[in-house]
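Everything below concerns the one structure shown next.
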């Protein structure tokens, strides 16, 4: 594990705001299912997502919470020459009212339009608790990282 890769991996996760959430398909067992999701980081530095109860990825997470979130640099002309991070995680739906309210306040700062459909359309907040990270900082710069997320006491 390279400690030199932790900082750029963390910076990538902080800088971007969307990724590909991959879950284990409920309807096609054994196959991965990928979908694009916006995210922000919670106070502990873990990815926070807001997903619909009727969405396929939600049904998949309810059956198996193991997932990954792939985040890459948006403006890259050559996606294989720039940084990308796969966050391997366990997804947990937030249910405690105070935790949900804190998540909503944080999420709405980054995605103000989310407040309009959150309650009206049966969306729930989920936190992705990282288990391990795979960071690729360009050609040949490949690292397994155990700890990338960092708590933010100011937000």
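Checking the stated criteria, residue 87 turns out not to satisfy the condition of being at pLDDT below 85 and buried (at least 16 other Cβ atoms within 10 Å of the Cβ).
With the condition being in contact with a strand residue (DSSP E or B) (Cβ under 7 Å, 6 or more places away or on another chain) and closer than 15 Å to residue 19 by Cα, I'd like the strands (runs of 3 or more DSSP E) fully within the range 55-155 carrying at least 1 qualifying residues.
Because the criterion is at least 1 residues that are in contact with a strand residue (DSSP E or B) (Cβ under 7 Å, 6 or more places away or on another chain) and closer than 15 Å to residue 19 by Cα, the strands (runs of 3 or more DSSP E) in the range 55-155 that meet it are 66-72, 84-93, 123-136.
Counting the residues of the range 107-125 that are surrounded by 16 or more Cβ atoms within 10 Å (Cβ to Cβ) and over 17 Å from the mean Cα position of the chain (by Cα) gives 1.
Go through the residues of the range 132-143 one by one and say whether even a single one is more than 20 Å from residue 14 (Cβ to Cβ), modelled with pLDDT under 95 and surrounded by 13 or more Cβ atoms within 10 Å (Cβ to Cβ).
No, the range 132-143 contains no residue that is more than 20 Å from residue 14 (Cβ to Cβ), modelled with pLDDT under 95 and surrounded by 13 or more Cβ atoms within 10 Å (Cβ to Cβ).
Scanning the range 40-54 for residues that are more than 17 Å from residue 10 (Cβ to Cβ) and either surrounded by 17 or more Cβ atoms within 10 Å (Cβ to Cβ) or touching a strand residue (DSSP E or B) at 6+ places or on another chain (Cβ under 9 Å) (or both) gives 49, 50, 51, 52, 53. For residue 59, the requirement of being modelled with pLDDT of 95 or more and more than 17 Å from residue 38 (Cβ to Cβ) is met.
The values are calculated or read from the model by the stated rules, or taken from the named source; none is laboratory data. What you are looking at is a predicted structure, and each value in this text was computed from that prediction instead of being measured. A quick note on method: Cβ atoms are made from the backbone with ideal geometry, for glycine too, and the neighbour counts reach across all protein chains shown.
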